[in-house]
Amino acid sequence: MAILRDILINISPIQTLGDMAAAVSSLCIDSRKVAGGSAFIAVRGTLSDGHTFIAKAIELGAAVIVCETMPETLKDGIVYVQVKDSAEAAGLIADAFYGFPSQQLKVVGITGTNGKTTTATLLYKLFEALGHKCGLLSTVQNHIHNKIETATHTTPDSISIHAMLSRMVDAGCTYAFMEVSSHAIHQHRIAGIRFAGGVFTNITHDHLDYHKTFDEYIRVKKLFFDNLPAGTFALTNADDKRGMVMLQNTKAEKCTYSLRVPATIKGKVLENNLTGLVMVIDGIEAHFRMIGTFNAYNLLAVYGTAKSLGADKMEVLAILSGLQGAAGRFETYMSPKDKILGIVDYAHSPDALINVLATINQLRTDGQQLITVIGCGGDRDKTKRPIMAQVACEHSDKAILTADNPRSEDPEVILNEMEAGLTAPQKRKSLRITDRREAIKVACTLANGGDIVLVAGKGHETYQEIKGIRHHFDDREELTEAFKILNK
């Protein structure tokens, strides 16, 4: 429970009507969650406009309405607060409602196309091992110290974020590590959060269904760093050609990491094989259980963040050497009989898929066949569909094109668009099997002893979304079950 005037402290309303001393029991941007005494914040979303649900919210007991446009008819006894941007106001109001939790934590945001989940998860595991109680907000799962909460978005809505940060404070957490998606930046879902620092991993072709152009995608990512204040840190990947762009206008302390050019945190890969990485970081040689150059970058980002937060570098490297990454990120499974190596990875953008396939091709031996199972999600960026198919065929011995999460689209149409990018030789290397379970089974059937099967695109997900319904489906389960059924 809070007093309305107290939770409006960080916003400048256009106008207010009603009692500013009104008690607020909860904050809602979803009218279905409104209860007696709630403040309903009418946010204009991508699919619906909260302003159309103001009457419904009042009917369910809302005492306060926060909106950009005042309703034509004002109800007696209801307090109205008109603001310029409801989405931004939601975060600022939630911050005050929950007692400014991010001021009591060191919150680090990780943004970029690839590597966000692994970097955030490793930071959470590292700082827990260093003896701190930590929180994690990620695509895979959220943690409040040792309690796990299911994740539904890369970055949840602003009210949910501040509520979670508040629960972290209540649990005694002192650090929180969170993925920050481009959607979340653009939609003000991180409004009100006081970040201790930000990390940029890389930027590649993704989310153009939402941002429309690559330049706009870059601009939105950069906004996160533009808004970091003095006294924080901004760590960027100097090997990404847009890495330094991210730091152009930030007031934060600028830090860089690299495998190729001079940087604040310099790394070098000495060995990269299926048992892990051997690297020199900051002049110190260390062994890691993680595989691939892309993970070398993730490890540098984690090390650089830990150093910026004041952790001892020797202790950090000692702990990192024993850690594994996030679920569904280059997870490996070995068939018991034929020793076929199965790999499940979340790679769902062309660049991410290239990185995974390049890593496998670096590590595989002569005679080892690589079979890739890949699909593209429905209701998402269509321009990457032919590119994903091209990448899979170009870097694999065989590629099986299949359904991912078709959502509202016809999976056959998605597969047609993927196949449209293939040359005649590439088509000869590919198979089209719409049923994802059958596609995985066929890949395992085609694999001989010692071969490699990559199942890409869904990673940690435990569902397949078809026509608005999420059916249980887990690539990891399907892969191991196929090995078992086929006696591989």
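The values are calculated or read from the model by the stated rules, or taken from the named source; none is laboratory data. Predicted model, so just to flag it, every value in this text is computed and none were measured. Positions of Cβ are generated from backbone atoms using ideal geometry, with glycine treated the same way; all protein chains shown enter the neighbour counts. Side chains included, ligands, DNA and RNA excluded: accessible areas come from the protein's heavy atoms. Shrake-Rupley method; radii C 1.70, N 1.55, O 1.52, S 1.80 Å.
Quick check: is even one residue across the range 309-316 farther than 23 Å from residue 474 by Cα, open to solvent by 50 Å² or more (accessible area, probe 1.4 Å) and not charged (D, E, K, R)?
yes
Go through the residues of the range 281-293 one by one and say whether even a single one is touching a Gly at 6+ places or on another chain (Cβ under 9 Å), in a helix (DSSP H, G or I) and either open to solvent by less than 10 Å² (accessible area, probe 1.4 Å) or without any contact (Cβ under 8 Å) to a residue 60 or more places away in the chain (or both).
No, the range 281-293 contains no residue that is touching a Gly at 6+ places or on another chain (Cβ under 9 Å), in a helix (DSSP H, G or I) and either open to solvent by less than 10 Å² (accessible area, probe 1.4 Å) or without any contact (Cβ under 8 Å) to a residue 60 or more places away in the chain (or both).
Considering 129, 163, 120, which residue is under 30 Å from residue 4 (Cα atoms), at pLDDT 95 or above and either among the small types (Gly, Ala, Ser) or under 18 Å from the mean Cα position of the chain (by Cα) (or both)?
Within the list 129, 163, 120, the selection yields 163.
Do you know which of the residues in the range 136-159 that are β-branched (Val, Ile, Thr), modelled with pLDDT under 95 and outside any strand (DSSP E or B) is farthest from the chain's Cα centre (by Cα)?
Residue satisfying both the conditions and the ranking: 152.
Take the residues in the range 88-109 that are over 14 Å from residue 164 (Cβ atoms) and β-branched (Val, Ile, Thr), then tell me which one is nearest to the chain's Cα centre (by Cα).
108
Per-residue answers, yes or no, for (1) charged (D, E, K, R); (2) more than 16 Å from residue 334 (Cβ to Cβ); (3) at pLDDT below 95:
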{"site": "413", "(1), (2), (3)": "no, yes, no"}
{"site": "446", "(1), (2), (3)": "no, yes, no"}
{"site": "460", "(1), (2), (3)": "no, yes, yes"}
{"site": "471", "(1), (2), (3)": "no, yes, no"}
{"site": "483", "(1), (2), (3)": "no, no, no"}
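Among the listed residues 421, 377, which satisfies the condition of being open to solvent by less than 60 Å² (accessible area, probe 1.4 Å), in contact (Cβ under 8 Å) with a residue 40 or more places away in the chain and farther than 29 Å from residue 274 by Cα?
377
In this structure, does residue 332 turn out to be without any contact (Cβ under 8 Å) to a residue 60 or more places away in the chain and either assigned to a helix (DSSP H, G or I) or in contact with a Gly (Cβ under 8 Å, 6 or more places away or on another chain) (or both)?
It is true that residue 332 is without any contact (Cβ under 8 Å) to a residue 60 or more places away in the chain and either assigned to a helix (DSSP H, G or I) or in contact with a Gly (Cβ under 8 Å, 6 or more places away or on another chain) (or both).
Residue by residue through the range 264-274, note down the ones that are in contact with a strand residue (DSSP E or B) (Cβ under 9 Å, 6 or more places away or on another chain) and either closer than 24 Å to residue 217 by Cβ or in a strand (DSSP E or B) (or both). Full working, then the answer.
If we filter the range 264-274 for residues that are in contact with a strand residue (DSSP E or B) (Cβ under 9 Å, 6 or more places away or on another chain), which is where we start, we get 264-272, 274.
Answer for the range 264-274, where residues must be in contact with a strand residue (DSSP E or B) (Cβ under 9 Å, 6 or more places away or on another chain) and either closer than 24 Å to residue 217 by Cβ or in a strand (DSSP E or B) (or both): 265, 266, 267, 268, 269, 270, 271, 272.
Starting from residues that are farther than 21 Å from residue 369 by Cβ and acidic (Asp, Glu), keep the ones in the range 393-418 and report whichever is least open to solvent (accessible area, probe 1.4 Å).
Pass one, the range 393-418, residues farther than 21 Å from residue 369 by Cβ: 403-418.
Those left that are additionally acidic (Asp, Glu): 404, 409-410, 412, 417.
Details: 404: 12, 409: 27, 410: 73, 412: 70, 417: 55 Å².
Per the criteria, the residue is 404.
From the list 297, 333, 303, exactly one residue is open to solvent by less than 20 Å² (accessible area, probe 1.4 Å), closer than 24 Å to residue 141 by Cβ and among the aromatic types (Phe, Trp, Tyr). Which is it?
Selected residue: 303, the only one of 297, 333, 303 that is open to solvent by less than 20 Å² (accessible area, probe 1.4 Å), closer than 24 Å to residue 141 by Cβ and among the aromatic types (Phe, Trp, Tyr).
I'd like the full set of residues that are of a type outside the set (A, V, I, L, M), under 12 Å from residue 373 (Cα atoms) and either modelled with pLDDT under 95 or within 28 Å of the chain's Cα centre (by Cα) (or both), limited to the range 419-444.
If the condition is that a residue be of a type outside the set (A, V, I, L, M), under 12 Å from residue 373 (Cα atoms) and either modelled with pLDDT under 95 or within 28 Å of the chain's Cα centre (by Cα) (or both), then 434, 435, 436, 437 are the ones that fit.
Does residue 169 satisfy being in a helix (DSSP H, G or I), of a type in the set (Val, Ile, Thr) and modelled with pLDDT of 95 or more?
yes
Condition check: within 30 Å of residue 175 (Cβ to Cβ), out of contact with any Gly (no Cβ under 8 Å at 6 or more places or on another chain) and in contact (Cβ under 8 Å) with a residue 12 or more places away in the chain. Does residue 99 satisfy that?
yes
Identify all residues within the range 165-180 that are within 15 Å of residue 108 (Cβ to Cβ) and not aromatic (Phe, Trp, Tyr); write none if there are none.
Once the filter is applied, which keeps residues that are within 15 Å of residue 108 (Cβ to Cβ) and not aromatic (Phe, Trp, Tyr), the range 165-180 yields 165, 168, 173, 174, 176, 178, 179, 180.
Consider only pairs whose beta carbons are under 8 Å apart and that are at least six residues apart or on different chains; among these, list those whose first residue lies in the range 464-480 and is within 17 Å of residue 454 (Cα to Cα) and whose second residue is open to solvent by 60 Å² or more (accessible area, probe 1.4 Å) and basic (Lys, Arg).
What qualifies is 473/437; 478/437; 478/441.
Please give the number of the condition residue 43 fails out of (1) closer than 11 Å to residue 81 by Cβ; (2) buried (at least 21 other Cβ atoms within 10 Å of the Cβ).
(1)
Residues that are under 26 Å from residue 194 (Cα atoms) and in contact (Cβ under 8 Å) with a residue 24 or more places away in the chain: which strands (runs of 3 or more DSSP E) entirely in the range 1-88 hold 1 or more of them? Show your work before the answer.
Numbers: elements: 15-17, 26-28, 38-41, 64-67, 79-82.
Where strands (runs of 3 or more DSSP E) fall fully within the range 1-88 and carry at least 1 residues being under 26 Å from residue 194 (Cα atoms) and in contact (Cβ under 8 Å) with a residue 24 or more places away in the chain, they are 26-28, 38-41, 64-67, 79-82.
Just wondering, is there one or more residues in the range 124-135 that are without any contact (Cβ under 8 Å) to a residue 40 or more places away in the chain, surrounded by fewer than 24 Cβ atoms within 10 Å (Cβ to Cβ) and assigned to a loop (DSSP other than H, G, I, E, B)?
So far as the range 124-135 goes, yes, one or more of its residues are without any contact (Cβ under 8 Å) to a residue 40 or more places away in the chain, surrounded by fewer than 24 Cβ atoms within 10 Å (Cβ to Cβ) and assigned to a loop (DSSP other than H, G, I, E, B).
Mind checking whether some residue in the range 62-69 is surrounded by 15 or more Cβ atoms within 10 Å (Cβ to Cβ), under 15 Å from residue 4 (Cβ atoms) and touching a Leu at 6+ places or on another chain (Cβ under 7 Å)?
Yes, because at least one residue in the range 62-69 is surrounded by 15 or more Cβ atoms within 10 Å (Cβ to Cβ), under 15 Å from residue 4 (Cβ atoms) and touching a Leu at 6+ places or on another chain (Cβ under 7 Å).
Just to be sure before I move on: is residue 19 open to solvent by 60 Å² or more (accessible area, probe 1.4 Å), within 34 Å of the chain's Cα centre (by Cα), at pLDDT 95 or above and not small (Gly, Ala, Ser) in the structure I sent?
no
Looking for something closer than 29 Å to residue 47 by Cα, open to solvent by less than 60 Å² (accessible area, probe 1.4 Å), in a strand (DSSP E or B) and in contact with a helix residue (DSSP H, G or I) (Cβ under 9 Å, 6 or more places away or on another chain) - is there at least one such residue anywhere in the range 458-468?
Taking the range 458-468 as the starting set, the residues that turn out to be closer than 29 Å to residue 47 by Cα are 458-468.
Restricting the remaining residues to those that are open to solvent by less than 60 Å² (accessible area, probe 1.4 Å) gives 458-461, 463-465.
Now drop any that are not in a strand (DSSP E or B), which leaves 463-465.
When the remaining residues are screened for being in contact with a helix residue (DSSP H, G or I) (Cβ under 9 Å, 6 or more places away or on another chain), the result is 464.
Yes.
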